[in-house]
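Values quoted throughout were computed directly from the atomic coordinates according to the rules given, and no laboratory measurement underlies them. Owing to the predicted nature of the structure, the values given are computational and were not obtained by experimental measurement. All Cβ positions, even for glycine, are placed from backbone atoms using ideal geometry, and neighbour counts span all protein chains on display.
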Amino acid sequence: MIRNICRRLGESVIVLLGVALMIFVMLRIVPGNPVATMMGEHADLAVIERMTAELGLDQPVYIQFIRYITGALKGDFGTSYSLGKPVSFLMGTAFGNTLKLALFAALFAWALGIACGISAAARKNGLADHLFMGVSLMGVSMPIFMVAMLLQYVFAYHLHWLPISGINDWRGFLLPAVALGWNSAGSISRLVRSTLLDILQEDYIDTARGKGRTQAGVLIFHAFRNALLPVITMMALQFSSLLSGAVITETVFSINGIGRLAVQAIAGRDIPLLEGTALFTTLVVILGNLAADCLYDILDPRIRKEV
Amino acid sequence: MEHNILEIDHLHVVFPSSKGETSPVNDVSLRVPAGKTVGIVGESGCGKSMTARAVMGLIHAPGRITEGEIRLCGRDLRKLSEKEYCSLRGSEVSMIFQEPMTSLNPVMKAGHQVEEVLRLHTDIPESELKQRVIDIFRAVGITEPEKRYNCYPHELSGGLRQRVIIAMAMICRPRLMIADEPTTALDVTVQAQILRLMKDLVSDDTGLLVISHDLGVIAKLCDYVYVMYAGRIVEESDIFTLFDDPQHPYTKGLMDAVGSLRRDAEVLSTIPGVVPSLAHLPAGCSFCLRCENGSDRCEKELPGLIQTGPGHKVRCHLMKEAGQ
Ligand SMILES: Nc1ncnc2c1ncn2[C@@H]1O[C@H](COP(=O)(O)OP(=O)(O)OP(=O)(O)O)[C@@H](O)[C@H]1O
Ligand SMILES: [Mg+2]
């Protein structure tokens with residue numbers, strides 16, 4: 001198993017490098033000179049050329065890439081063109097906020113999705129089933145910004161229970177996390193339900209019932225454990241989509257996170273900042289998948305023993 | 001008077017569907033006396049497993065029991081609440097389900113799956129559970145029981161899995177054990193071992209109900225046999241009488257098939273015709289369409305179970321009652 005994890009780690013590094021290269025090349029083949037954009041319309045051509053050379057943008061792409069990677073390994077991601085500060089500094093705070101937001105959202109989505117999925121499956125076509133599946137359909141089909149604004153209206157504006165924006169303490173995270181996790185909760189609960197219903201047809205469920213387990217006992221101790229396998233894969237994928245959803249949530253709730261930083265970077269053609277944010281998002285997604293794979297190994301004895 | 005562990009009277013199981021109901025179990029009555037092994041034999045789909053599931057209270061929806069009584073040691077099982085039934089399953093009555101390959105939970109260790117039964121029904125202290133399981137593993141002939149305890153089902157052969165399942169079924173010493181095709185999925189040498197093991201399962205105050213489509217298995221294990229066809233009992237008798245003097249044309253067909261071919265797969269080919277679909281059973285004898293001596297009466301009027309000798313009953317118009 002350790003070997004498996006090492007192999008996956010190796011693969012992850014390669015994927016990360018590949019993605020970095022792709023982002024890097026793509027940002028350089030789009031037409032237009034970022035330095036010119038940065039300096040404004042009336043800049044002197046000589047100045048632009050000098051700046052371009054200073055930033056190393058006149059070098060061949062592969063040299064720029066190697067420089068970038070060696071810098072990145074030392075924690076240096078360049079300086080933001082638009083904000084004039086080191087990218088690593090800007091991302092430091094933003095990354096923490098986004099990660100917290102995404103984790104809160106994921107926790108919310110997993111807990112709600114699993115609870116609703118199980119109770120829906122416990123009584124197929126029962127009241128809870130129809131209710132939760134109806135709501136979850138709304139969950140998957142409602143855009144994040146709508147959920148966000150609805151929550152803001154009800155809980156912050158109307159009831160004054162929670163702050164309308166900003167993240168001064170953990171309470172500030174509640175609404176954004178729910179808004180962001182809402183979609184995932186919907187799809188997770190649907191997957192949990194359908195997986196459980198499939199598993200309840202398996203022969204070993206009869207065996208468990210024959211031992212004297214109650215319906216609920218079978219669901220929790222036998223079916224759910226088996227249902228976790230596909231659900232975990234889905235959760236990891238959901239985690240990546242949470243990160244992309246964070247862009248909208250952070251904007252609506254004015255949270256200083258990676259998503260908002262990325263939007264700023266795109267608007268300002270701020271290449272170092274864009275590279276930095278893209279790279280970090282990739283890293284998190286890869287780590288999420290890695291964690292899911294490892295968890296899958298631990299949970300499924302049929303895989304665990306191989307290689 | 002010997003007492004019965006299991007008594008089933010006029011059991012009906014019905015599956016409603018959009019095209020009308022089917023009844024895989026139709027007016028079945030049977031007894032499992034204490035200390036005896038009783039068999040149900042019949043072709044695939046005739047309702048053997050469904051009868052067993054009815055006893056366990058585990059018929060899948062939308063199927064349900066519509067009529068009849070099931071008594072386990074005198075207790076009416078149909079009157080039990082779900083909670084009472086759960087405490088009965090695994091401790092008073094247990095069932096070995098048909099498919100050993102898929103009847104164990106793939107993500108749980110074999111030992112833990114057996115331990116679970118003890119946890120549910122006894123208050124044996126945590127520290128002794130493992131030893132109990134290892135003891136029972138040894139009793140059912142699992143070699144290296146300590147090692148197997150920690151194995152996952154996919155690491156065990158079919159024969160070992162079946163032994164684990166048998167261990168699970170017998171660990172609480174239930175009054176009644178039901179074995180549904182206990183050997184069908186296993187290869188011949190393993191079959192013989194499992195049959196030998198099953199033979200030892202019955203003691204004076206317990207009963208064993210064995211279900212099989214294989215008369216050979218029934219002959220090796222059972223004291224008494226019920227022959228089932230399309231949801232109904234068509235003949236019942238002690239094992240020797242049945243093999244000496246089969247009466248129902250269907251039983252005779254089964255016997256001939258075993259005698260001439262000794263292969264299960266060809267059973268059907270020697271009885272002309274096919275099993276009628278449960279949804280389109282004739283009003284009369286369900287076997288009449290395949291019977292050589294079928295008459296008008298057979299087609300229209302359902303024969304009752306006729307006593308043809310001591311403990312020997314046959315559902316056929318062609319039979320004469322004993323002593324007539
Ligand atoms: N969910 C269901 N809906 C309708 N009919 C069903 C359902 N499940 C089983 N049946 C019917 O019940 C009948 C009896 O099934 P059962 O499993 O008892 O057969 P069996 O005698 O055990 O056969 P086998 O040897 O194949 O195990 C079958 O003819 C089947 O068509
Ligand atoms: Mg069966």
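Mean-square fluctuations from a GNM of chain B, with a 10 angstrom spring cutoff on Cα atoms, peak among B:GLY74, B:GLY158, B:GLY39 at B:GLY74. Amide hydrogen proximity for B:GLU235: with H placed 1.01 Å from N in the peptide plane, the residues at 5 or more positions away or on another chain lying under 5 Å are B:VAL227, B:ARG315. Among A:LEU159, A:LEU57, A:LEU283, which one shows the biggest mean-square fluctuation in a GNM of chain A, springs joining Cα atoms closer than 10 Å? Of the options given, A:LEU159 has the highest mean-square fluctuation. The string of couplings for the range B:78-87 from the Karplus curve (6.51, -1.76, 1.60, θ = phi - 60°) is 6, 8, 6, 6, 4, 5, 5, 4, 4, 6 Hz, one whole number per residue in order, with x for Gly and Pro.
Go ahead and run the numbers for FRET between B:LYS199 and B:GLU67, Cβ-Cβ distance against an R0 of 35 Å, rounding to 0.05. So the FRET efficiency works out to roughly 0.50.
What share of the DSSP beta bridges in the protein assembly as shown is antiparallel, in percent to the nearest 5?
On the way: 29 of 48 bridges.
Taking every DSSP beta bridge within the protein assembly as shown, about 60 percent pair in antiparallel fashion.
What value, in deg cm²/dmol to 500, does the helix sum -39500 (n - 2.57) over DSSP H runs of n ≥ 4 give at 222 nm once divided by the residues of chain A? The partial results should precede the final answer.
Values: 13 runs with 227 residues, N = 307.
Taking each H run of at least 4 residues, the total per residue is -25000 deg cm²/dmol.
Its relative contact order, with pairs defined as Cα atoms under 8 Å and 6+ residues apart, puts chain B at 20 percent. Annotation: amide H-H contacts under 5 Å for B:CYS73 (H modelled 1.01 Å from N, sequence separation of 5 or more, or interchain): B:LEU6, B:GLU7. Distance between the C-alpha centres of the range B:18-57 and the range A:59-89: 76 Å, rounded to the whole angstrom. Taking A:GLY126, A:GLY212, A:GLY75 as the candidate residues, the one with maximal mean-square fluctuation in a Gaussian network model of chain A, Cα springs under 10 Å, is A:GLY212. The modelled label-to-label distance between A:SER82 and A:LEU283, using points 7 Å beyond Cα along the C-beta direction, is 2.1 nm.
In this simple spin-label approximation, A:MET22 and B:SER81 carry label points 7 Å from Cα along the Cα→Cβ vector, and these lie 6.0 nm apart. Evaluating 6.51 cos²θ - 1.76 cosθ + 1.60 at θ = phi - 60° for every residue in the range B:166-172, the Karplus couplings come out as 5, 4, 4, 6, 9, 5, 8 Hz, glycine and proline recorded as x. Amide H to amide H, with H built 1.01 Å from N, B:VAL210 comes under 5 Å of B:VAL38, B:GLY39, B:ILE40, B:ALA179, counting only residues 5 or more places away or on other chains. Considering only alpha-carbon pairs that sit under 8 angstrom and 6 or more positions apart, the relative contact order computed for the range B:1-145 is 21 percent.
For B:LYS313, which lysines qualify as cross-link partners when the Cα separation must be under 30 Å and same-chain residues fewer than eight apart are set aside? Partners found: B:LYS36, B:LYS48, B:LYS79, B:LYS199, B:LYS220, B:LYS252, B:LYS300.
Our note on the geometry: Cα centres of the range A:191-253 and the range B:152-202, 32 Å apart.
Let me make sure I get this right: for the range A:90-306, a, b and c are the square roots of the gyration tensor eigenvalues over alpha carbons, sorted descending. Under 1.5 in a/c it's rounded, otherwise prolate if a/b > b/c, else oblate. Which is it? All intermediate terms of the calculation are to be shown ahead of the outcome.
On the way: a/c = 2.92, a/b = 1.60, b/c = 1.82.
Oblate shape, in that a/c is at least 1.5 and b/c is the bigger or equal ratio.
Note that the range A:88-103 has calculated 3J(HN,Hα) couplings of 4, 5, 4, 6, x, 5, 4, 5, x, 4, 5, 4, 4, 4, 5, 5 Hz, one per residue in order, obtained from phi through the Karplus relation 6.51 cos²θ - 1.76 cosθ + 1.60 (θ = phi - 60°); glycine and proline are x. For chain B, leaving out every one of the trypsin sites (Lys or Arg not before Pro) that falls in a DSSP loop and has at most 16 other Cβ atoms within 10 Å, the longest unbroken run is B:20-261. Averaged over the residues of B:85-98, the number of partner chain Cβ atoms lying within 10 Å of the residue Cβ comes to 4.
Checking the a/c ratio against 1.5 first, then a/b against b/c, what shape does the Cα gyration tensor give for the range A:2-73? Intermediate values should be presented prior to the final figure.
Details: a/c = 4.14, a/b = 3.05, b/c = 1.36.
Here the range A:2-73 falls in the prolate category.
Averaging the sequence gap over all C-alpha pairs within less than 8 Å and six or more residues apart, then dividing by the number of residues, gives chain A a relative contact order of 27 percent.
Within the range A:207-307, list the GluC sites (Glu not before Pro) lying in a DSSP loop whose Cβ has at most 11 other Cβ atoms in a 10 Å radius. Passing both the DSSP loop test and the Cβ count: A:GLU306.
Note on the protein assembly as shown: with charges restricted to the Cβ of Lys and Arg (+1) and Asp and Glu (-1), its dipole about the Cα centre is near 940 debye. Using 0.36 nm per residue and subtracting the Cα-Cα separation, the extra length available between A:VAL135 and A:GLU54 on full extension is 23.6 nm.
Just check chain B against the gyration tensor rule for me: Cα atoms, a ≥ b ≥ c as the square roots of the eigenvalues, rounded for a/c under 1.5, and otherwise prolate or oblate depending on whether a/b exceeds b/c. It comes out prolate by the Cα gyration axes. When both the range A:268-295 and the range A:113-138 are represented by their alpha-carbon centers, they are found 34 Å apart.
When the P(r) of the range B:107-169 is calculated, the portion above 20 Å amounts to 16% of the C-alpha pairs. Placing unit charges on each Cβ (+1 for Lys and Arg, -1 for Asp and Glu) gives the protein assembly as shown a dipole about its Cα centre, and among A:VAL231, B:ASN4, A:ALA121 the Cα reaching farthest toward its positive end belongs to A:VAL231. With the helix formula -39500 (n - 2.57) applied to DSSP H stretches of n ≥ 4, chain B reaches a computed 222 nm mean residue ellipticity of -9500 deg cm²/dmol.
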